[in-house]
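The values are calculated or read from the model by the stated rules, or taken from the named source; none is laboratory data. Not measured: the values here are computed from a predicted model. Every residue, glycine as well, gets a Cβ built from its backbone with ideal geometry; the counts of neighbours run over all protein chains shown.
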Amino acid sequence: MEKLDILVTGVGGQGVVLASDIIGEAALAAGYDVKKTDTLGMAQRGGSVVSNVRIGPEVRSPMIKDGEVGLLLAFEKLEAARWSNYLRPDAIAIINDYEQPPLSVSLGQGKYPTDGEITTALKRRTNRIYFVDGNRLARELGNVRTVNILMLGCLSVFTPLDADVWKKCISQRMSEKLRDINLTAFGKGREEMENVRIK
Amino acid sequence: MKNNLQLLSGNEALALGAYHAGVRVATAYPGTPSTEILENMARFKDLYAEWSTNEKVAMEVAMGAAYTGTRAMVSMKHVGLNVASDPFMAASYTGIIGGLVIISADDPQIHSSQNEQDNRHYARLAKIPMLEPTDSQDAYELMHHAFNISEEFDTPVMLRSTTRISHSKSVVNVNRSRPAKNKPAAFYFNQQKFVMLPVYALPRHAIIEERIVKLAEYAEKFPLNRIIKGDSKLGIVASGIAYQYAREVFSEASFLKLAMTWPLPEKMIKNFAGSVERLIVVEELDPFLQQNIRAMGIEVIGKEFIPAVGELNTRIVAESSGIAGLLPDSEKDDILSPAEGLPRRPPLLCPGCPHTGIYFTLNTLGQRSKLVASKEPQEPKLVVTGDIGCYTLGTYPPLSALDTTACMGAGIGQALGMEKAGVKSKVVAIIGDSTFMHSGITGLVDAVYNDGHITIIILDNRTTAMTGHQEHPGTGISAQGQETSAVDIESLARGIGVKDIKVIDAFDTNALRESVKDSLDRPEVSVIIVRGACAMRVRKRENPRKVDVEKCTQCNYCLRLGCPAIQGTDDQVFIEPTLCAGDICGICEQICPQQAINI
Ligand SMILES: Cc1ncc(C[n+]2csc(CCOP(=O)(O)OP(=O)(O)O)c2C)c(N)n1
């Protein structure tokens, strides 16, 4: 593999940083050089969160240049659209079909983009856009908070890393109590992607 | 030792490097992007780590430890060094016994700060060495060298990180381990070195002038200052994260990578400059390297095309170099602009935040929404001087509650200044509990001593929320999790001489309103302690509130709280049950004019 630039994005509290940490750890375990960087904004909750993960034989800047993201993993739809200009032509975008309106929308000062507008923004770069009903699937598994790991499962099928490496790195990052459900969520995400790809 | 590769953030690498360098005392006051350094140190049980009251105290504690021959470290964000600059300068004069490393984490781009000052100037000011990592491997490595340099040259050493270094993870070969126990701490009588009376300080100045000369010689052979030979047409001097961007953009060029950026290795730079046709500096923020290299009589450019404002990245370095004619223009092809018209998602006060009620009170009492709406500048009925913490977010609409924010602790002095200057408005200063401990106490003393009439509202959420919930003197729990003595704000204020002190429940909107009204009318300093736990620390979230659509008249008054759980996407206001904090809060229920919000 030459290099792979992955952008993970979502809203504070959705587990963006943990998911991107696991991507980095899995890549290191598979023998690649890795750099990653998180931008959290000013406070802990509710703001936009974005992580850059760069994998390759040798990585210099931890930040991905706009136009070079190969894989976009978004836990929230608006946040996916926000980074559309970072995609490279033909990038893969995996998007949680979930909407969390920002305060300005609630206050009537802004409008939440329609699905059409979101896809149009992304289609400027790529047609390989996959929507996953992540929150519903995670809820069905018994814990909606595993949505980040479920989405990671979706992403994993587009990487050169083995499922076992992923599972090992997920296990290392989870408390005993949450390990099994997260491994199940990861498997569910992989499965979901297989289905989407067959369609 | 065998390769032991770990993916570490810059801050984790600094902490591990310090641990392996044998640090025994680590101090800090939290501040983005430096906070995790001490958090990681505090996890090691075979050393002492503390959250200090502020950066000045943190510096002094670390100095004291270093005077006893113990290796000590102090970490802070860039503006923290302003607070600590007095003992910082003194530490340069006295020197140390055990190694002393001062970490300054700067914040280019102002991700979470009030300015983007370039703290490299401080090393030059204090005439001490400065080291700058370009990634986590460097951070780990440089810690080891920093302590050795400190002890060899009897000087504190400054290590400067930036947000992008501190908060990025990269691979580190962890190839050292903790040294076995060193000598027990002992302080030896030495007034000439440690008592900075004029008679002793002047000779110390002469010593530090000699020291910086010796350090400059050392810089010439410092193993992490490296030349990377490439094409001789272009030579690039770079340090810190800018080095990584420059290497990515100019993959063919020759590089001088400076890990020690003060004092500079003049001979090495001259040799490098002589070996290339054209010399440039790629650096973030100020032209620090560039100006100092120019002062050596070397022709060099950099800030003529690299921006001095904001953080760099490969795109900016490539584009600005393209404009300067250093790169072919092909760089500019294929750039897309961001999708238009997307609503922003700024950080917010959380659902159940104990700061919301008092801000709503100040907003309505002071009719502050009118200020925002007005085209002409207005004099607020109620001026609210602010401070720094999560509560600074109360600046934004719909709360629009703050008139000033400068630096930590400034609000109280500013409030007094406005009153003494004679403004018509009533003046209130609002400050968080950690900020009050950090630098609010002296302001309160000043207001009492000088017979002020201002009202000071202390937001006592029992944590340093903004930076990720660190303990502070008011919580009575140490950085390493031990129970200690909690400093009681109420008795402290009483001891200072405040007579009008009220302690109010943060979620009781009537009490908040009555107490503010009462205090504003008093001809004395008033303190209102607004007490309520940070919502992020409360696990129990029972009985989320609901809107009774029968009773709701869609007046949207509740939306004026700016609570993220209260959403008004359609015509009907709705409370998102997974976000609502429920019983711990209930503010919307109290303020709804129609009593349409309940369990
Ligand atoms: C000199 C300085 N040190 C540290 C910081 C980083 N910082 C900003 S606010 C803050 C403390 C906030 O705590 P508190 O006052 O209790 O308010 P809260 O966030 O809990 O509402 C810190 C540590 C800073 N801006 N300036």
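Miscellaneous remarks
- Residues of the range B:409-423 classified as within 13 Å of the ligand (Cβ to nearest atom) and not in a loop (DSSP other than H, G, I, E, B), total: 3
- Just one of the listed residues (B:325, B:341, B:274, B:352) is loosely packed, with under 14 Cβ neighbours inside 10 Å and over 20 Å from residue B:255 (Cβ atoms), namely B:341.
- Subset of the range B:184-208 (residues that are of a type in the set (Gly, Ala, Ser) and under 18 Å from residue B:62 (Cα atoms)): B:185, B:186
- Flag for residue B:463 being within 14 Å of chain A (Cβ to nearest Cβ) and within 16 Å of the ligand (Cβ to nearest atom): yes
- The set of residues in the range B:250-277 being farther than 23 Å from residue A:61 by Cβ and either basic (Lys, Arg) or modelled with pLDDT under 95 (or both) consists of B:267, B:270.
- Residues of the range B:64-80 satisfying the condition of being in contact (Cβ under 8 Å) with a residue 24 or more places away in the chain, surrounded by fewer than 24 Cβ atoms within 10 Å (Cβ to Cβ), outside any loop (DSSP other than H, G, I, E, B) and of a type outside the set (Val, Ile, Thr): B:67
- Qualifying positions in the range A:162-198 - within 13 Å of residue A:152 (Cβ to Cβ) and touching a strand residue (DSSP E or B) at 6+ places or on another chain (Cβ under 9 Å): A:189, A:192, A:193
- Applying a threshold of 8 Å to beta carbon distances and a minimum spacing of six or more residues, or different chains, the list of pairs starting in the range B:424-444 at a residue that is closer than 19 Å to residue B:357 by Cβ and within 14 Å of chain A (Cβ to nearest Cβ) and ending at one that is near the ligand (Cβ under 8 Å from one of its atoms) and of a type in the set (Gly, Ala, Ser) reads B:432/B:389; B:432/B:465.
- Elements of type helices (runs of 4 or more DSSP H) in the range B:482-593, at least 1 residues being in contact with a Leu (Cβ under 8 Å, 6 or more places away or on another chain) and under 21 Å from residue B:356 (Cα atoms): B:509-520, B:587-591
- Residue B:406 being within 13 Å of the ligand (Cβ to nearest atom), touching a helix residue (DSSP H, G or I) at 6+ places or on another chain (Cβ under 9 Å) and under 21 Å from residue B:508 (Cα atoms): no
- Residue A:118 part of a helix (DSSP H, G or I) and of a type outside the set (S, T, N, Q): yes
For every residue, the table says whether it meets (1) in the same structural domain as residue B:400 (by TED's automatic domain parsing); (2) at pLDDT below 95.
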| position | (1), (2) |
| --- | --- |
| B:325 | no, yes |
| B:340 | no, yes |
| B:343 | no, yes |
| B:346 | no, yes |
| B:361 | yes, no |
| B:369 | yes, yes |
| B:376 | yes, yes |
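- Taking the listed residues B:506, B:565, B:535, the one that is within 16 Å of the ligand (Cβ to nearest atom), buried (at least 18 other Cβ atoms within 10 Å of the Cβ) and within 14 Å of chain A (Cβ to nearest Cβ) is B:535, with no other qualifying.
- Residues that are part of a loop (DSSP other than H, G, I, E, B) and farther than 16 Å from residue B:435 by Cβ, drawn from the range B:455-481: B:476, B:478, B:479, B:480, B:481
- Output for the range B:17-35, where each listed residue is more than 16 Å from the ligand (Cβ to nearest atom) and assigned to a helix (DSSP H, G or I): B:17, B:18, B:19, B:20
- Test for residue B:38: is it aliphatic (A, V, I, L, M) and part of a helix (DSSP H, G or I): yes
- Every residue from the range A:74-129 that is more than 23 Å from residue B:335 (Cβ to Cβ), crowded, with 17+ Cβ neighbours inside 10 Å and at the interface with chain B (Cβ under 8 Å from one of its Cβ atoms): A:101, A:102, A:103, A:104, A:105, A:106, A:107, A:110, A:112
- Enumeration of residues in the range B:103-139 that are among the aliphatic types (A, V, I, L, M), within 12 Å of the ligand (Cβ to nearest atom) and in contact with a helix residue (DSSP H, G or I) (Cβ under 7 Å, 6 or more places away or on another chain): B:105
- Hits in the range B:36-69 (condition: aromatic (Phe, Trp, Tyr) and within 16 Å of the ligand (Cβ to nearest atom)): B:51
- Within the range B:506-558, considering residues that are among the hydroxyl-bearing types (Ser, Thr, Tyr) and touching a residue at least 24 places away in the same chain (Cβ under 8 Å), the one farthest from residue B:419 (Cα to Cα): B:553
- Within the span defined as the range A:98-112, one or more residues are within 19 Å of residue B:343 (Cβ to Cβ) and modelled with pLDDT of 95 or more.
- Of all residues making up the range B:89-145, the number that are among the basic types (Lys, Arg) and on the phi < 0 side of the Ramachandran plot: 2
- Matching helices (runs of 4 or more DSSP H) fully within the range B:275-370 where at least 2 residues are within 30 Å of residue B:537 (Cβ to Cβ): B:356-365
- Residue in the range B:389-400 that is more than 14 Å from every other protein chain (Cβ to nearest Cβ), closer than 24 Å to residue B:54 by Cα and within 13 Å of the ligand (Cβ to nearest atom) present: no
Matching residues to (1) out of contact with any strand residue (DSSP E or B) (no Cβ under 9 Å at 6 or more places or on another chain); (2) farther than 18 Å from residue A:3 by Cβ; (3) modelled with pLDDT of 95 or more; (4) not polar (S, T, N, Q):
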position: A:28; (1), (2), (3), (4): no, no, yes, yes
position: A:31; (1), (2), (3), (4): yes, no, yes, yes
position: A:37; (1), (2), (3), (4): no, no, yes, no
position: A:43; (1), (2), (3), (4): yes, yes, no, yes
position: A:46; (1), (2), (3), (4): no, yes, no, yes
position: A:53; (1), (2), (3), (4): no, no, yes, yes
position: A:56; (1), (2), (3), (4): no, no, yes, yes
position: A:64; (1), (2), (3), (4): no, no, yes, yes
position: A:69; (1), (2), (3), (4): no, no, yes, yes
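- Yes/no for residue B:426 being within 24 Å of residue B:365 (Cα to Cα), away from the ligand (no atom under 14 Å from the Cβ), in contact with a Leu (Cβ under 7 Å, 6 or more places away or on another chain) and not assigned by TED's automatic domain parsing to the domain that holds residue B:562: yes
- Odd one out for residue A:179, checked against (1) within 13 Å of the chain's Cα centre (by Cα); (2) free of Cβ contacts under 8 Å to residues at least 40 places away in the same chain: (1)
- Failed condition for residue B:554, given (1) in contact with an Asp or Glu (Cβ under 9 Å, 6 or more places away or on another chain); (2) among the polar types (S, T, N, Q); (3) buried (at least 21 other Cβ atoms within 10 Å of the Cβ): (3)
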